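Below: the structure, in structure tokens.
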Amino acid sequence: MPALQLEGLARHYGEREALSDVSLTLQEGQTLVVFGPNGAGKSTLLRVLSTLLRPHAGRVQVLGCSLPDEAWSARGRLGLLGHEPLLYRELTARENLRYHASLHRVPQERVERVIEGVAMSGREDEPLRTLSRGMVQRVAIARAVLHEPELLLLDEPHSNLDPAGIELVSPLIGPASGRTRVICSHDPEAGLAGADLVLGLRSGRTALLLPAGEVTAGKIRELYR
Amino acid sequence: MRRTVGALLRKELLVELRTFESVPGMSLFAVTTFVVFHFALNRSSVEGDLAAGILWVTLLFAAILGANRLFVADADQGGFDGFLLAPVDRSAMMVAKVLTMLAYLVVLELVAVPAFAILLLGPPLGPALPQLIAVLALGDIGIAVIGTLVGALAVQTRARDLLGPLLALPLLVPIVIGGARATAPLLAFSHAGGVPARWLLTLGLYDLIFGLIAYALFDFLLED
């Protein structure tokens, strides 16, 4: 069974079409990389796939669950890393992760393992508002993988991370994680490196949908012109 | 559900303890309002209907301050999305927010009622205290439920600071009427007759109806 199956997906905000007639199939364990200029609909696509937004038309199946009717079954099996870390600034990294662990029925020992995984350098008990953006991004990644989701939805996951940080989180969200991934990216070279399927969006519509082997970085750059 | 409510409640109280954004403001507002009444009425003490009215109106406005802040951290810091991504009953958030609001109101009243007794109230509060606590508890439940419902609705709009009070005040009027009428005999010098049962019943019924409405509507307020 495919991990993702979209047929004619559409989503609008009032009169404005954010996504229109997007169709694709992604198999389990594969990585879909989504490219497109600002406002192309990448983040909206991730929010629809994460069940936070309802599709307004088309058929959407995530991990075998039809959205929005079976959204309940898909939640908890997917991890979203968006532009916002979805963490409380006044709480520490550990408190935030413990809170999410309780919501996802994850044992508290897993929180400690994930904190070790993102190497908080002893700052896991400081309020998030005192941490750098890179550190907050590490905690956000820890939150996204805390419940060991089958599907990762990642919106520019390496933003604010230094090269050491990128290497550090690779086992959690990189190809080695073995999870099905949907990644929004603006970096053609880095994005193509881990992709199986490439989707290019322009004004909410599919401008490109090809296996990664058939796409060059130059072709991706054309999307932005 | 209980575990989820526990996690949410713990988070709410931790955030409030770190920021002190709601309860100190509510308490200070209440005490300041009593001082204003003290001078504006030009009376050294009040009793009966007037005392009950001042107490309930002040508590109501202070509660609205708290209700307006109840969902701000969730809306501004992605807490709603984090919660919605979890496979949990949406109603758990409503229950946790109502309990949080109740905790805020209890702390508010621990400050405001003694301050009211010192600054304005003529008759001694001691004999009426057990009955007053019962009336306040019934009123608090209604205020917490309506505050949570309105707070969840208002926080998703751009004019949340305006919309919250505008929506909450008409819905809370029956609680002020019921609370003030039930409290008036307790704050009178004569202290005759105790609490009128019909006003307690009115408060209880109002709590029940709005509890059911909030339970039925809350999911729709959170979902897209």
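Going by alpha carbons, how many degrees (0 to 90, nearest 10) lie between the helix axis of B:160-183 and the longest principal axis of chain B?
40
Could you give the nm distance between label points at A:ILE166 and B:THR157, where each point is 7 Å from its Cα heading toward the beta carbon?
The modelled label-to-label distance comes out at 4.6 nm.
Obtain the nm distance between the two label points defined at A:GLN108 and B:LEU125 by a simple spin-label model: each point lies 7 Å from its Cα along the Cα-to-C-beta direction.
3.8
For chain A, set up a GNM with springs between Cα atoms under 10 Å and report which of A:THR180, A:THR31, A:THR206 has the largest fluctuation.
For chain A, modelled as a Gaussian network with Cα springs under 10 Å, the answer is A:THR206.
In sequence order, what are the phi-derived ³J(HN,Hα) couplings for segment B:7-23 according to the Karplus relation 6.51 cos²θ - 1.76 cosθ + 1.60 with θ = phi - 60°, rounded to whole Hz, with x for glycine and proline?
Once θ is set to phi - 60°, the couplings for segment B:7-23 become 5, 5, 5, 4, 4, 4, 5, 4, 4, 5, 5, 7, 9, 6, 8, 10, 4 Hz.
Checking the cross-link filter: which lysines have an alpha carbon closer than 28 Å to that of A:LYS219, excluding same-chain neighbours under 8 positions apart?
Counting by Cα, and skipping residues close in sequence, A:LYS219 has these lysines nearby: A:LYS42.
How large is the helix-only mean residue ellipticity at 222 nm for chain B, computed as the sum of -39500 (n - 2.57) over DSSP H runs with n ≥ 4, divided by its residue count, in deg cm²/dmol to the nearest 500? Walk me through the numbers on the way to the answer.
Numbers: 9 runs with 174 residues, N = 224.
The helix contribution divided over chain B gives -26500 deg cm²/dmol.
Can you figure out the FRET efficiency of A:ARG225 with A:TYR13, using R₀ = 30 Å and their beta-carbon distance, to the nearest 0.05? Mind showing how you got there, number by number?
Values: r = 25 Å, r/R0 = 0.84.
So, using R0 = 30 Å, E works out to roughly 0.75.
Which is the longest stretch in chain B that no exposed loop site breaks, taking sites as GluC sites (Glu not before Pro) with a DSSP loop state and at most 16 other Cβ atoms within 10 Å?
Values: sites that count: B:GLU21, B:GLU223.
Counting at most 16 other Cβ atoms within 10 Å as exposed, the longest clean stretch of chain B is B:22-222.
Gain in length, B:ALA134 to B:VAL36, computed as 0.36 nm per residue apart minus the alpha-carbon separation, to one decimal in nm? Could the numbers behind the result be given before it?
Details: separation 98, 0.36 × 98 = 35.28 nm, distance 2.71 nm.
Computed gain between B:ALA134 and B:VAL36 is 32.6 nm.
Label B:ASP219 and A:GLU148 with points 7 Å out from Cα along Cα→Cβ: what is the distance between them in nm?
Between B:ASP219 and A:GLU148, the simple spin-label model gives 3.0 nm.
Name the chymotrypsin sites (Phe, Trp or Tyr not before Pro) in segment B:17-125 that are in a loop by DSSP and that have at most 11 other C-beta atoms within 10 Å, would you?
Details: sites: B:PHE20, B:PHE29, B:PHE34, B:PHE37, B:PHE39, B:TRP56, B:PHE61, B:PHE71, B:PHE80, B:PHE83, B:TYR104, B:PHE116; in loops: B:PHE20, B:PHE71.
Qualifying residues, ordered by number: B:PHE20.
Taking square-rooted eigenvalues a ≥ b ≥ c of the alpha carbon gyration tensor, is segment B:146-224 rounded, prolate or oblate, where a/c under 1.5 means rounded and, failing that, a/b exceeding b/c means prolate?
Oblate, since a/c reaches 1.5 and b/c is not below a/b.
How much length would be gained if the chain were fully extended between A:HIS186 and A:GLU116, taking 0.36 nm per residue of separation minus their Cα-Cα distance, in nm to one decimal?
On the way: separation 70, 0.36 × 70 = 25.20 nm, distance 2.90 nm.
Extending this stretch completely gives an extra 22.3 nm.
Return the long-range amide H neighbours of B:ALA188 (sequence gap of 5 or more, or a different chain), with a cut-off of under 5 Å between placed amide H atoms.
B:GLY48
Calculate, in whole percent, how much of the Cα-Cα pair population of chain B lies beyond 25 Å.
On the way: 9927 of 24976 pairs.
Counting pairs separated by more than 25 Å, the tail of P(r) holds 40 percent.
Run the paramagnetic zone check for A:ARG129: 7 angstrom along Cα to Cβ, then residues of segment B:16-40 with backbone nitrogen under 14 Å.
Inside the label zone: B:16-22.
Principal axes first, then extents: for the Cα atoms of segment A:84-225, list largest minus smallest coordinate on each axis, whole Å, largest first.
Taking the Cα atoms of segment A:84-225, the three principal extents are 45, 28, 27 Å.
With axes computed from alpha carbons, what is the tilt in degrees of helix B:129-154 against the longest principal axis of chain B, rounded to the nearest 10 within 0 to 90?
40
Quick check on segment A:85-148: what are the equivalent-ellipsoid semi-axes from the Cα gyration tensor, as sqrt(5λ), descending, whole Å?
One finds semi-axes of 17, 12, 10 Å for segment A:85-148.
Mind checking which lysines have their C-alpha under 21 Å from B:LYS97, skipping anything on the same chain fewer than 8 residues away?
Partners within reach: B:LYS11.
Using only the alpha-carbon atoms of segment B:62-101 as identical scatterers, what base-10 log of I(q)/I(0) does the Debye formula give at q = 0.20, 0.24, 0.35 Å⁻¹?
Values returned for q = 0.20, 0.24, 0.35 Å⁻¹ are -0.64, -0.86, -1.15.
Are there trypsin sites (Lys or Arg not before Pro) in segment B:95-193 that DSSP marks as loop and that have at most 15 other Cβ atoms within 10 Å, and which are they? Walk me through the numbers on the way to the answer.
Numbers: sites: B:LYS97, B:ARG158, B:ARG160, B:ARG181; in loops: B:ARG158.
The qualifying sites are B:ARG158.
Inside 10 Å of the C-beta atoms of B:70-79, what's the mean count of C-beta atoms belonging to other chains?
Values: counts 0, 0, 0, 4, 1, 0, 3, 10, 9, 5.
Across B:70-79, the average partner-chain Cβ count within 10 Å equals 3.
Just so you know, all these numbers are worked out from the coordinates, no wet-lab data involved. Just so it is clear, the model here is predicted, and its values are computed rather than measured. Glycine gets a Cβ as well: all are built from the backbone with ideal geometry, and neighbour counts include every protein chain shown.
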